[in-house]
Amino acid sequence: MVNKKITKNNNNENQILTDNKRKIINWHEGFVETLEVELRDVGCKFEVTSNVPSTSRSFEIDTLIKKIEQTSEDAELTRLGKYLRNYTLCEFKSQNDYIAYHDLCRLSLLCNKFIIENDGLVHNDLAALFVAYHYPREALKKLPPFRVAEEVEKGIHIIREADFFTTIIVIPDLSEKSYKWFTSLKTDLPKERLKKIIDISIKNPKDTKLQNLIDILLAINVDKVKELLNEIGENKMNAEKAVKILLNAIEESPYGAYEIEKIKTEAEIRGELKGEIRGKAEGKAEGKAEGKGEGIAEGIAKGIIRILTKRIESPPTKLQKEIMIINDNNKLSKLFDFALTCGSIGEFVTAFNEFYNSSQPQKLKVEK
């Protein structure tokens, strides 16, 4: 069990900026969530604190892991727990970052500073931990010859004779069986691995910490998530629950509201969800073509309202009602496209009137 405290750091360097620059993926947040889950059932309870402030930004601690209590008197620390002490100062490097020699020196300096600032601590109370995607071969060459990195298990290296007990974890080299979540924290997860993660999410709906982690893992693999979303109608992968998880992941992805709504509603337009999400869930006749058609139309109409609300403002109630009663998927699709580009509710109303049912000559007038 781990208690988590996270403080915001707007200057965090471990971030990926997407092409549209609408949203960033915070790698550090993903690491903290992963660390929480990996520290379960290791024989001790830990508290994780992120971005621990200091008098100087250069002395800020990336992540502090504090041992709270032993699970039981005879409990043996396992997996990651074996490499932690009462206080462990941790430095995380994202996929495109590397451990440099100055990082090794800095973390050792932070450990010394931590002892000075906390009376009663001794060297054995502290450990230094690096978690990265690349083995720091060049950085280790600059260490004194008596300090040698030794691999103690797959992907985990200990620097012998360091000032503090120092461990380097190289994520791609870890055992997937022992460190399932660390090895999942990457942008190129295979679809089969994503399916297993989604299945875990479905089976553990009340595990908030695990759900938070899975949301991040799916969000940083959003392209594969979109492919899975398109395949759901074919493989019946626990369709309704899986689609909700996938759509939530897309919402957390860097694509922004524009792409989110396009992905959601295009799937509904193509009928890949077979009416299960919108039609079946809202009481439409399961298995009947008419019921499926109504479910798709309703999904598109709701998508239009969501887009306008996110991009501009919530449409007037009268406009929402008029959108919801349209059953023509072709007209709704055109309105959907315009909702993605129009600059105001007034512009949308103009487009709405053009595609409005020709059998009703009275055009809609909406007062803002």
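What to note about this one:
- Modelled label positions at Ile312 and Asp119, each set 7 Å beyond Cα in the direction of Cβ, lie 6.5 nm from each other.
- Once both labels are positioned 7 Å from their Cα atoms along Cα-to-Cβ, the gap between Val52 and Arg40 label points is 2.5 nm.
- Stretching Glu69 away from Glu354 to a fully extended chain increases their span by 95.8 nm, per 0.36 nm per residue minus the current alpha-carbon distance.
- Per-residue ³J(HN,Hα) for segment 153-164, Karplus 6.51 cos²θ - 1.76 cosθ + 1.60, θ = phi - 60°, Hz, x for Gly and Pro: 7, 3, x, 10, 10, 10, 8, 6, 6, 6, 4, 10
- Among the listed pairs Lys195/Lys226; Lys93/Lys186; Lys113/Lys209; Lys82/Lys154, a Cα-Cα separation exceeding 22 Å is found for Lys113/Lys209.
- Modelled FRET efficiency - R0 35 Å, Leu109 with Val152, Cβ distances, 0.05 increments: 0.90
Read the figures in this text as sums done on the coordinates, not as results from a lab. This structure is a prediction, so every number in the text was calculated from the model and none was measured. All Cβ positions, even for glycine, are placed from backbone atoms using ideal geometry, and neighbour counts span all protein chains on display.
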